[in-house]
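The values are calculated or read from the model by the stated rules, or taken from the named source; none is laboratory data. The structure presented is a predicted model; accordingly, all values stated were derived computationally and were not measured. Cβ coordinates were reconstructed from backbone atoms using ideal geometry, including for glycine residues, and neighbour counts include every protein chain displayed.
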Amino acid sequence: MKPFVLCVDVDGVLADFTWGFTSLAAAWHPEITPWPTSEQKTWEFDSIPKGIQNETWTRVRQHPSFWWDLPCRLSSSERYSLCVLAADHRVYFVTNRLGVRPEEQTVRWLHHLGLRNPNVIVTTNKALACRTIEAQFAIDDKVENIAAMHPWVHTTLFRLPYNRDSNVTVDYCVDSLSEWIGFVNAAASQRS
């Protein structure tokens, strides 16, 4: 089987960025109750005052382990499936992270999931990164990223409350990483 080149978003798909961000905000502002990505209604943190958002972003940029500390959104079976996928294909974890050594923190976080020698790309332009590495499949939760990648890569929108009503053109919409891995494996079996 010839391996595919795959682009996998980290925050929102694999890691619970929303929980990390809202928990960091709540650490300094106890009136804020943290919530997970699965309950995030909009792309922005509309229920957190702008000043607190800005302060929290500053803390994210300065935090030596913010990205490393994020909780995983995957079940144990999805973690295993992701490791198998990474063994069978060229998987690139493409993320738009900032602050203290975001690539190093992301690699450590992926190691913790069981991935060895993960390929991590930190960029503000995920579409360009996926095009540069000649990816065949990509999964992301941000509508704008998926729209920029389509149609030259098989795009998958990872559905969450903040993107469910989008009308972006995609090849697939999924509610779990397992569903997407199933699409990739089906395409791989047709290819061999």
### Task
Specify which of the listed residues (Asn119, Asn125, Asn167) is at pLDDT below 95 and in the same structural domain as Leu98 (by TED's automatic domain parsing).
Asn167
### Query
Which one of these does Ile121 not meet: (1) assigned to a strand (DSSP E or B); (2) more than 30 Å from Thr58 (Cα to Cα); (3) among the β-branched types (Val, Ile, Thr)?
(2)
### Odd one out for Trp57, checked against (1) touching a Gly at 6+ places or on another chain (Cβ under 8 Å); (2) outside the structural domain of Ala135 (by TED's automatic domain parsing)
(1)
### Query
Looking at this structure, is Val100 buried (at least 21 other Cβ atoms within 10 Å of the Cβ), touching a Pro at 6+ places or on another chain (Cβ under 8 Å) and not in a helix (DSSP H, G or I)?
no
### Message
Among the residues that make up the stretch 41-57, is at least one of them modelled with pLDDT of 95 or more, more than 26 Å from Leu128 (Cβ to Cβ), of a type in the set (Phe, Trp, Tyr) and buried (at least 19 other Cβ atoms within 10 Å of the Cβ)?
### Response
yes
